[in-house]
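Here is the structure we will look at, set down as structure tokens.
The values are calculated or read from the model by the stated rules, or taken from the named source; none is laboratory data. Being a predicted model, the structure only gives us computed values, none of them experimental. Glycine gets a Cβ as well: all are built from the backbone with ideal geometry, and neighbour counts include every protein chain shown.
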Amino acid sequence: MDTQLRPMSLSEILDRTAQLYRTNFLLFAGIAAVYAGALMVVGLVRIGLDALLGAMHWTQLVLWLNIGAVLLQWMVIFLIGGLAIAANNRAVAWVHLGQRATTRGAYMSVLPRLGRILWLMTIITFVVWTPLALCYGGFASIAFFWYKPLAKAGGQANPQAAILFGMMALIFFAVAFVALVYAVLMGLRYALAIPACVVEELKARTALRRSIDLSLGSRGRIFVLGLLVTVIEIALVGITQSFFIFLAFKNHLVLPTWAAVAQQFVSFATTSFIAPMFSTGLTLFYYDQRVRKEGYDIEWMMQAAGMNAGFDVTAAPPEPPASAAPIEEIAETPQAETNGAEQQAHGDQP
């Protein structure tokens, strides 16, 4: 049984990721296709309603339609996307250990713990991205509520306000950079939380602590993995979307309906292909860290051999059954019988 359970270097993890992805492409792409298909359906419905409202000249409703579509897309990303990530981690864990995995089996395995997984993702998102979101929100509020009215006061340009706003923009970019570095560091800190939650069936906060311990000493390698996957995703999206970007600029940033529909199908194929890459690598890092720090390869071999490696020597001894006699009675019974026999023997003597 080739499970590759041994300490691996970064290049070996990348090779193992590519090997698993190549040999189980239909499995991983099928898991990601559920999420990509949900996004495609939302996009196609939005395009259809947009065209219908435009034909009926209800242009005021188009803005609300786009806002509702964006909110619905975020819900799909959070709910179905989170479920797809967990299912992919479950499938990678199975195939990495040499076990059989199916798309349906992966989803059915994580579906009962969907609430726990979504809560874990909520905590991670809040901790990682809140400082950067507050930074952008504060700058947008200053630009909209302070600079815009001040710059147009009296119908003339206000150079002092422009200079002050430029200085504030420089400060904003510096703070935003610090918030981005913080987000990257915290993301690496919690990178293994979802695999730990899925594989070990841990609760959210326990999975976060587990990720902090396991990721320590390997966060630089995880960062390189994320950087490589990001470069691949940007390159692939740029190649597949270049035609639609060119067409949009040619038509004053408006895509024809047929092109918008075609873009949704291209996005479906692209998302199904690239979505499982990073989570696959993270699951391999999770097992690699367990092998390095906990000797999980030995534990797995003992379990595969049918040996009970999880016996707790500190556990209390089992309680005796209720029908058993107390220890004191058992100890006293032979002595009482012996004394009775001796008295009978002495009584029989003359």
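Before we move on, is Arg46 of a type in the set (Lys, Arg) and either over 30 Å from Gly217 (Cα atoms) or modelled with pLDDT under 90 (or both)? Considered against the rule, which asks whether it is of a type in the set (Lys, Arg) and either over 30 Å from Gly217 (Cα atoms) or modelled with pLDDT under 90 (or both), Arg46 comes out as yes.
For (1) in a loop (DSSP other than H, G, I, E, B); (2) of a type in the set (Asp, Glu), each residue gets a yes or a no:
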site: Arg46; (1), (2): no, no
site: Asp50; (1), (2): no, yes
site: Leu71; (1), (2): no, no
site: Leu79; (1), (2): no, no
site: Ile85; (1), (2): no, no
site: Arg90; (1), (2): no, no
site: Ala101; (1), (2): yes, no
site: Arg104; (1), (2): no, no
site: Val128; (1), (2): no, no
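Of all the numbered requirements in (1) small (Gly, Ala, Ser); (2) more than 19 Å from Gly81 (Cβ to Cβ); (3) assigned to a helix (DSSP H, G or I), Gly226 misses one, and that requirement is (2).
Considering segment 15-64, the residues that are under 20 Å from the mean Cα position of the chain (by Cα) and free of Cβ contacts under 8 Å to residues at least 12 places away in the same chain include one that is farthest from Val254 (Cα to Cα), namely Ala18. Taking every residue in segment 283-302 that is without any contact (Cβ under 8 Å) to a residue 12 or more places away in the chain and pairing it with any residue that is in a helix (DSSP H, G or I), at least 6 positions away or on another chain, yields no pair with a Cβ-Cβ distance below 6 Å. Does Ala207 fit the bill of being in a loop (DSSP other than H, G, I, E, B), closer than 16 Å to Ser279 by Cβ, touching a residue at least 40 places away in the same chain (Cβ under 8 Å) and of a type in the set (A, V, I, L, M)? When the stated conditions are applied, Ala207 does not pass them.
Would it be correct to say that Thr125 is over 29 Å from Ala259 (Cβ atoms), hydroxyl-bearing (Ser, Thr, Tyr) and free of Cβ contacts under 8 Å to residues at least 40 places away in the same chain?
Here the answer is yes, as Thr125 does meet what is asked.
In segment 70-81, is there at least one residue being crowded, with 19+ Cβ neighbours inside 10 Å and modelled with pLDDT of 90 or more? Within segment 70-81 (the criterion being crowded, with 19+ Cβ neighbours inside 10 Å and modelled with pLDDT of 90 or more), the answer is yes, since at least one residue qualifies.
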